[in-house]
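S.K.: Supplied in structure tokens, the structure appears directly below.
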Amino acid sequence: MCYGKQIRASLPVGARIEKERNKKYINMNQEANKKEALFSAKNMELLRKPLNLDNPITVQVLGICSALAVTVKLEPAIVMSISVIVVTAFSNLIISLLRNTIPSRIRIIVQLIVIATLVILVDQVLKAFAYDVSKQLSVFVGLIITNCIIMGRLEAFAMANKPWPAFMDGVGNGLGYGIILIIIAFLRELFGSGTLTIPMVGELRIIPQAFYDMGYENNGMMILPPMALITVGLIIWIQRSRNRVLIEEK
Amino acid sequence: MSNKYIFTYATIMIVIVAALLSTAATVLKPFQEANARAAKMVEILKSFGVESSREQADELFNRYIVEEIAISSGGEVMSLYQKGKKVRGGDTRPFELDMKKELKKQLAGEPATFPLYKAQKEGKIFYVIPLYGKGLWGPIWGYIALKDDLKTVSGVTFGHKGETPGLGAEIEKLPFQEQFKNKVIWDAKGNFTPIDVVKGGVNNLAAGQQLHSVDGISGGTLTSNGVDAMLDNVLRIYKNYIVALRKK
């Protein structure tokens, strides 16, 4: 796929890069414009792949920062996961609807505006009608807008696919992100505090007092970010041992 | 894609987004403010042990809060309101005073007034003082309720905007707040001791010191320091008024 040789050498660099990019999008769009049933195998694959083989955190290595920040307890991890699923799905949908109109030179800015507007609107509506949920979410608003997964999916998928597949892709990646987040938060809270905090239910003590009386102590390191990163590493290790296909060729 | 297209596209997008966000903010503002006021009442009630939902907040607030007072930093009573109606003093209801703005005014050397709530529950009197300060990532706030001896803490509540979940954010949770019950802000010798948030275990301190200290949060040192500073700075403002009231 050597686009370079097809572009006239006499064009200035900027215009050449833009032509290449536009050609790439036209090719991807032609593929995507073929008709597909709503829940066809291809669309369901968009939901399934990010859960394991194309997981945004463990395979695409995106969104690590929030995976460290909000996984000290289980409840914020769940709230954050739901928010990311909603924002990724709907920003994918919006950008996909607009994809043929966005000027390529400002497309990153346009994507950022769509994400930020969506998150702010959701936060404002929650503050008015679901105040308690919005109080939990307000802390994360900044973290969601800067989450690389959302921008990453917009660039890699929504810009060149039809709205419904883009929506499914957003949901799939959000779910993949959510699963990892919940696993990490589960381990960190269980071993770091001996409890599990579930939304609407509250804090449940899991490790009984009897264990502490016998000398068991909470692992303080689990509450700190480095352990979160090590936990992600362990999950990647387990995932690759079970799926040899993920191991890169030397 | 010509430059003209790019500029037009960008301009139209900005106009649409700005219109969308400002419409949403304006239309939703009354609902948001009502929620915020109710949440504030819930926090004040919670500090002296009255559990309330946001729907019941207004009714319970009027039932339990007998006086709203605004004091100057010198300890002078500037206005007195009861059940939302002015009894004497200025035009601003103490409930509407913004601690953040008043503290800023005071720092700038301008005259500032601070709210204080007198509550009555089951025959006992409580005094609720609002708190406002700086956490690690953003503002922190809360309410401290004193028993009628104006010395013993009946309870506290804390809130924050952006502290780290599981670390600094724990100031919002019951275990941290429970520690403050029955601590004192005046020690046996009569010294002013706004509660200290200490690192390393309250149980390791001398018995006299334990009475006005609580444990900080492991891993949330800077937020804990913020709480310590907030109690120190704000209670100092109310000190003169409290001293005068205790003498009576």
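S.K.: Go over the candidates B:Glu96, B:Glu33, B:Glu68 one by one and state the one that is of a type outside the set (Phe, Trp, Tyr), under 24 Å from B:Lys161 (Cα atoms) and either in contact with a Leu (Cβ under 8 Å, 6 or more places away or on another chain) or more than 14 Å from chain A (Cβ to nearest Cβ) (or both).
M.R.: Details: B:Glu33 fails: either in contact with a Leu (Cβ under 8 Å, 6 or more places away or on another chain) or more than 14 Å from chain A (Cβ to nearest Cβ) (or both); B:Glu68 fails: under 24 Å from B:Lys161 (Cα atoms).
Criteria check complete, one pass: B:Glu96.
S.K.: Still on this structure, I have one more. For segment A:198-228, enumerate the residues that are without any contact (Cβ under 8 Å) to a residue 60 or more places away in the chain, in a helix (DSSP H, G or I) and within 14 Å of chain B (Cβ to nearest Cβ).
M.R.: Correct list: A:Gly220, A:Met221, A:Met222, A:Pro226, A:Met227.
S.K.: Out of curiosity, is A:Leu143 without any contact (Cβ under 8 Å) to a residue 60 or more places away in the chain and more than 8 Å from chain B (Cβ to nearest Cβ)?
M.R.: So A:Leu143 does not fit the description; no.
S.K.: Which residues, taken from segment B:173-185, are part of a loop (DSSP other than H, G, I, E, B) and either within 13 Å of chain A (Cβ to nearest Cβ) or within 17 Å of B:Trp137 (Cβ to Cβ) (or both)?
M.R.: Of segment B:173-185, the ones part of a loop (DSSP other than H, G, I, E, B) are B:173, B:179-183, B:185.
If the condition is that a residue be part of a loop (DSSP other than H, G, I, E, B) and either within 13 Å of chain A (Cβ to nearest Cβ) or within 17 Å of B:Trp137 (Cβ to Cβ) (or both), then B:Lys173 is the only one that fits.
S.K.: So is A:Arg99 buried (at least 18 other Cβ atoms within 10 Å of the Cβ), within 18 Å of the chain's Cα centre (by Cα) and basic (Lys, Arg) or not?
M.R.: Details: buried (at least 18 other Cβ atoms within 10 Å of the Cβ): yes; within 18 Å of the chain's Cα centre (by Cα): no; basic (Lys, Arg): yes.
No: the conditions fail for A:Arg99.
S.K.: Would you mind finding the one in B:Ile6, B:Ile12 that is among the hydrophobic types (A, V, I, L, M, F, W, C) and either more than 8 Å from chain A (Cβ to nearest Cβ) or loosely packed, with under 12 Cβ neighbours inside 10 Å (or both)?
M.R.: Of the residues listed, the single one that is among the hydrophobic types (A, V, I, L, M, F, W, C) and either more than 8 Å from chain A (Cβ to nearest Cβ) or loosely packed, with under 12 Cβ neighbours inside 10 Å (or both) is B:Ile12.
S.K.: Would you check if there is a residue in segment A:226-234 being within 23 Å of the chain's Cα centre (by Cα), surrounded by fewer than 16 Cβ atoms within 10 Å (Cβ to Cβ) and within 19 Å of B:Ile217 (Cα to Cα)?
M.R.: Looking through segment A:226-234, at least one residue is within 23 Å of the chain's Cα centre (by Cα), surrounded by fewer than 16 Cβ atoms within 10 Å (Cβ to Cβ) and within 19 Å of B:Ile217 (Cα to Cα).
S.K.: Being in a helix (DSSP H, G or I), within 19 Å of A:Phe157 (Cβ to Cβ), in contact (Cβ under 8 Å) with a residue 12 or more places away in the chain and away from chain B (no Cβ under 11 Å) narrows it down to one residue among A:Val133, A:Val110, A:Val87; which is it?
M.R.: Values: A:Val133 fails: within 19 Å of A:Phe157 (Cβ to Cβ); A:Val110 fails: away from chain B (no Cβ under 11 Å).
Testing whether each residue is in a helix (DSSP H, G or I), within 19 Å of A:Phe157 (Cβ to Cβ), in contact (Cβ under 8 Å) with a residue 12 or more places away in the chain and away from chain B (no Cβ under 11 Å) leaves just A:Val87.
Conditions (1) assigned to a strand (DSSP E or B); (2) within 17 Å of the chain's Cα centre (by Cα); (3) more than 30 Å from A:Thr195 (Cβ to Cβ), marked per residue:
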{"site": "B:Gly155", "(1), (2), (3)": "yes, yes, no"}
{"site": "B:Ile171", "(1), (2), (3)": "no, yes, no"}
{"site": "B:Lys189", "(1), (2), (3)": "no, no, yes"}
{"site": "B:Asp232", "(1), (2), (3)": "no, yes, yes"}
{"site": "B:Tyr238", "(1), (2), (3)": "no, yes, yes"}
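S.K.: Give A:Leu154, A:Leu126 a once-over and let me know the one that is closer than 30 Å to A:Asn43 by Cβ, within 14 Å of chain B (Cβ to nearest Cβ) and either in a helix (DSSP H, G or I) or at pLDDT below 90 (or both).
M.R.: A:Leu126
S.K.: Would you mind finding the one in A:Leu118, A:Leu53, A:Leu93, A:Leu62 that is in contact (Cβ under 8 Å) with a residue 24 or more places away in the chain, more than 30 Å from A:Pro226 (Cα to Cα) and more than 13 Å from every other protein chain (Cβ to nearest Cβ)?
M.R.: Going through A:Leu118, A:Leu53, A:Leu93, A:Leu62 in turn, the sole match is A:Leu93.
S.K.: Given the conditions (1) more than 11 Å from chain A (Cβ to nearest Cβ); (2) surrounded by 15 or more Cβ atoms within 10 Å (Cβ to Cβ), which single one is not true for B:Glu76?
M.R.: Only one criterion is unmet by B:Glu76, namely (2).
S.K.: Give segment B:212-234 a look and list any residue that's under 16 Å from A:Val72 (Cβ atoms) and among the hydrophobic types (A, V, I, L, M, F, W, C), or say none.
M.R.: B:Ile217, B:Leu222
The values are calculated or read from the model by the stated rules, or taken from the named source; none is laboratory data. Just so we're clear, the structure is a prediction, and the values are computed from it rather than from any experiment. No Cβ is skipped: glycine too gets one built from the backbone with ideal geometry, and neighbour counts run over all protein chains shown.
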